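Participant: Got a structure for you, questions after.
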Amino acid sequence: RWGSLAGLSRFLAKAPWSPTAVVQTWRQRFDTHVTPLVAMEHARQRAARPKRRGPPPTPVVTGYVIGDDSTIAKSRGTRMEGLGRQYSTTAGNPVVGHSLVPPLYVVQGRRCPLEPQVYRQQAVCLTEGVPFQSNIDLMGTQLETFRPLPGTRTLVVLDSWYAAKRLWKTARRRGFQITTGLKS
């Protein structure tokens, strides 16, 4: 039990584990659990296909990489790393908070969160002395480094904010199919 929200926050900020290591553990457990499900689905599709001439169709299992951004308002935070004025669709106006790019991988109805990235505005990056990366850059890095499960095809589903030629080219170069919302 935690005595206060501040105590929990200090624990998370000073914990002896790495967020990257936690994400890798999630992914290893996900792969171990879902790989047999993919193999079972391939076997089910092979058994269900009709007998006819010609080569049989290849079984298909689709994995979805879903990308969007989320704004987390911080009403009391003033000295937190990465804090900036972000537009919140929930509030309908800019709020002080963090903007996360948290992709999700879904295969056979099972979900695995991928490593969330913190978006920092250019002014915040200058203040904190870190290199600026746009939301498009962050999602592009995710697509470049993403490793799909063997035996699956990958469909990337992104919000209209990510309808950028660079992301489409990255996805297509990797052999992924991609769809985004249309910008008005």
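Coordinate-derived values only; no laboratory data. What you see is a predicted model; the values in this text were computed from it and never measured. Glycine also receives a Cβ, built like all others from the backbone with ideal geometry; neighbour counts cover every protein chain displayed.
Participant: Between rounded, prolate and oblate, where does segment 41-115 land on the alpha carbon gyration tensor, with a ≥ b ≥ c its root eigenvalues, rounded for a/c under 1.5, else prolate if a/b exceeds b/c? Can you show the working numbers first?
Facilitator: On the way: a/c = 5.52, a/b = 4.19, b/c = 1.32.
Prolate is the answer for segment 41-115, as a/c is 1.5 or above and a/b outweighs b/c.
Participant: Give the calculated FRET efficiency between W161 and R52 to the nearest 0.05, with a Förster radius of 30 Å applied to their Cβ-Cβ distance.
Facilitator: E(calc), rounded to 0.05, equals 0.10.
Participant: Rank G151, G67, G109 by mean-square fluctuation in a GNM of the chain with C-alpha springs under 10 angstrom and give only the top-ranked residue.
Facilitator: G109
Participant: Does segment 84-134 come out rounded, prolate or oblate by the C-alpha gyration tensor, with a ≥ b ≥ c the root eigenvalues, rounded set by a/c under 1.5 and, if not, prolate when a/b is larger than b/c and oblate if not?
Facilitator: The shape class here is oblate.
Participant: For segment 120-184, rounded, prolate or oblate, judged on the Cα gyration tensor with a ≥ b ≥ c (square roots of eigenvalues), a/c < 1.5 rounded, else prolate if a/b > b/c? Show your work: numbers first, answer last.
Facilitator: On the way: a/c = 3.16, a/b = 1.69, b/c = 1.87.
Taking the square roots of the gyration eigenvalues as a ≥ b ≥ c, segment 120-184 is oblate.
Participant: Where the only charges are on Cβ atoms (+1 Lys, Arg; -1 Asp, Glu), what is the dipole of segment 18-172 about its Cα centre, to the nearest 20 debye?
Facilitator: Approximately 900 debye in magnitude.
Participant: Rounded to the nearest Å, what's the spacing between the alpha carbon centres of segment 152-172 and segment 57-118? Just the number, please.
Facilitator: Comparing the Cα centres of segment 152-172 and segment 57-118, I get a distance of 16 Å.
Participant: Could I ask something else about it? Got a sec? Charge dipole of the chain, +1 on Cβ for Lys and Arg, -1 for Asp and Glu; which of N135, V34, L83 is way out at the positive end?
Facilitator: V34
Participant: State the antiparallel share, in %, of DSSP beta bridges confined to the chain, rounding to the nearest 5.
Facilitator: Beta bridges within the chain, antiparallel portion: roughly 65 percent.
Participant: Can you compute the radius of gyration and Dmax for the chain, using only the Cα atoms, both in Å?
Facilitator: 20.2, 69
Participant: Moving to a separate point now. Count the net charge of all other residues whose Cβ sits under 14 Å from the Cβ of R29, scoring Lys and Arg as +1 and Asp and Glu as -1.
Facilitator: +2
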